[in-house]
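The values are calculated or read from the model by the stated rules, or taken from the named source; none is laboratory data. Note that this is a predicted model, so its numbers are computed, not measured. Neighbour counts run over all protein chains shown; Cβ positions are idealised from the backbone, glycine included. Each accessible area value is taken on the protein alone, full model and side chains, heavy atoms only, with ligands, DNA and RNA left out. Shrake-Rupley method; radii C 1.70, N 1.55, O 1.52, S 1.80 Å.
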Amino acid sequence: MTLSFCCHAAASSLPESSLSPEQLESSLRNEQDWDWIKVDSGEWVKGRVKTLHSQSVEFDSDHFGLIQIDWADVVYIQTNRPMSVMLDGGEIVLGRLATEGGGLLVGDRGIRFERVVGIASASPRERDLWSASVSIGINFRSGNVEQKDFNSKAVLKRRTVKNNTRITYTGNYSESNSVVVASNQTAGVTHDYRISHKWFIRAIQAEFYRDPFQNRDSEWTVGFGAGYQIFDTSNLDWSIAAGPGFQRTEYVNVGPGEERTVTTPAFLISTFYEQDLTDNIDLLLEYQATLTESKAGRAKHDFYSALDVDLTKRLDLRLASSWKRIENPQPNNDGITPEKDDFTVTLGLEFEI
C-alpha cells in the first residue's frame with residue numbers, strides 16, 4: 001500500500017476541528033488509545049507504531065492493517081506507549097516518542113534521527129511483539145480422476161528493537177485415486193540480532209524437512225552466520241545471510257552397504273525479498289541453498305515465490321510456487337533414484353493476524 005492511499009483515508013477518520021496544528025498536536029499528547037503520525041502532506045495516520053527500520057516505520061492501523069511509511073515523510077510522531085529505541089553503538093533508550101524542533105524525543109531525551117537504528121514496542125504485553133500469517137490452497141478434482149491437493153504455509157514473527165525471530169511451516173499433500181502421490185513438510189526457525197543499520201548476526205538457523213518421495217524420512221539442519229540488509233524501505237525489503245552448520249539425514253531406505261543415517265558439515269546461503277509492486281499487489285521471494293557432502297545430497301535448493309493481491313485489509317489472494325531440488329538424490333533399496341526437482345503451484349488465500 002502506498003503512503004498517499006493510507007494517509008488520505010486515515011485523515012478522513014479525524015473529526016473536523018478548528019484547532020491550530022500546534023493545538024491539535026498538543027491535544028494528541030493526552031490521547032490514551034492511539035499512536036499518531038503526521039506526514040509532510042499535512043495528513044494524519046492513527047494506529048500503533050510497530051517497528052522502525054532504517055528508512056521506514058511499520059504502522060498497524062485497525063482499518064488498513066499493517067502499512068509502512070517512509071521515515072523521511074514523517075514530520076510529527078506521538079506514541080502513547082513506551083517504545084524501545086536502539087541507537088548506533090547499541091545503546092537502548094526507553095520512553096514515549098514525540099518530535100520537537102525536527103528531532104526525536106524519547107521521554108525527555110532529544111535524539112538525532114540519524115542515530116536511530118531501530119524502534120520497537122516496549123509494551124509489557126508479549127502479544128504486542130508478535131505477528132502471523134497463514135496461507136492455504138485446496139484443490140479437488142472428480143470424474144475420471146479423483147484428486148485432492150492441499151498446500152499450507154504459516155509464518156510467525158516476533159520482533160523487538162534488536163531481535164527478529166521467524167518461525168515457518170510449509171506443507172504439501174496430494175492424493176490421486178486414493179493413492180498419496182506427494183507429502184512433504186518443512187519447518188524452520190531463525191533468530192537474528194541486529195548490530196547496526198545494515199548488519200545482523202544470525203544466532204540460530206534450524207530446519208526440519210521430511211519427504212518420503214525424496215527418500216527423506218527426516219532431515220535436520222542447524223547453523224548460524226551473519227547477514228546484510230541490502231534494502232529496507234517502505235516498499236522493498238531485501239536481505240541475505242550465510243553461515244556454517246551441519247545436517248543429519250535419515251533416509252527411508254537405502255541399498256545394500258549404504259548408510260541410512262548420514263551426518264555432514266553444511267554451509268547455508270539464504271535471501272529474503274519482499275516488494276510492494278503496486279498499491280495492492282505484493283511480491284515475496286525466498287531462497288535457501290544448503291551445501292553438504294555428496295552422500296547427503298551435495299546441495300539442496302529451496303525456492304518459494306508468492307504474488308499477493310489484497311482482497312481486504314487482512315485477507316489476500318495468493319498465487320504461490322515452490323521449487324525444491326536435490327543435486328544428488330539417494331536411491332532406495334529397489335535401486336530407484338528420486339527425481340531431482342519438485343515443483344508446486346498453488347492458488348489460495350492468505351490471512352494476516
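At-a-glance table
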| item | result |
| --- | --- |
| Accessible-area composition of the chain, carbon plus sulfur, in percent [1.4 Å probe] | 56 percent |
| Folded to 0 to 90 degrees: helix 3-12 orientation relative to the chain principal axis, Cα | 50 degrees |
| Phi to ³J(HN,Hα) by Karplus 6.51 cos²θ - 1.76 cosθ + 1.60 over the range 72-79, Hz, x for Gly, Pro | 5, 8, 7, 10, 8, 9, 9, 10 |
| J(HN,Hα) series, the range 327-340, from Karplus relation 6.51 cos²θ - 1.76 cosθ + 1.60, nearest Hz, glycine and proline x | 5, 10, x, 8, x, 8, 6, 8, x, 8, 9, x, 4, 6 |
| Ranked by how many other beta carbons lie within 10 Å on average, peptides 282-294, 133-145 from highest | 282-294, 133-145 |
| Part-to-part distance (alpha-carbon centres) for the range 116-187 and the range 75-94, which is given in Å | 31 Å |
| Exposure of ILE326 as accessible area (Å², to 10), given a probe of 1.4 Å and all protein chains | 10 Å² |
| Gaussian network model of the chain, Cα within-10 Å springs - most flexible of GLU339, GLU146, GLU258 | GLU146 |
| Which listed pairs, of LYS198/LYS324; LYS153/LYS313; LYS153/LYS295; LYS46/LYS157; LYS148/LYS300; LYS46/LYS153, have C-alpha distances above 21 Å, in listed order | LYS198/LYS324; LYS153/LYS295; LYS46/LYS157; LYS148/LYS300; LYS46/LYS153 |
| Relative packing of 156-162, 45-51, which averages over residues the other C-beta atoms within 10 Å, highest first | 45-51, 156-162 |
| Selected from ILE269, ASN80, TRP220, residue furthest toward positive end of dipole (the chain; charges at beta carbon) | TRP220 |
| Residue-normalised accessible area of the chain, expressed per residue, 1.4 Å probe, Å² | 50 Å² |
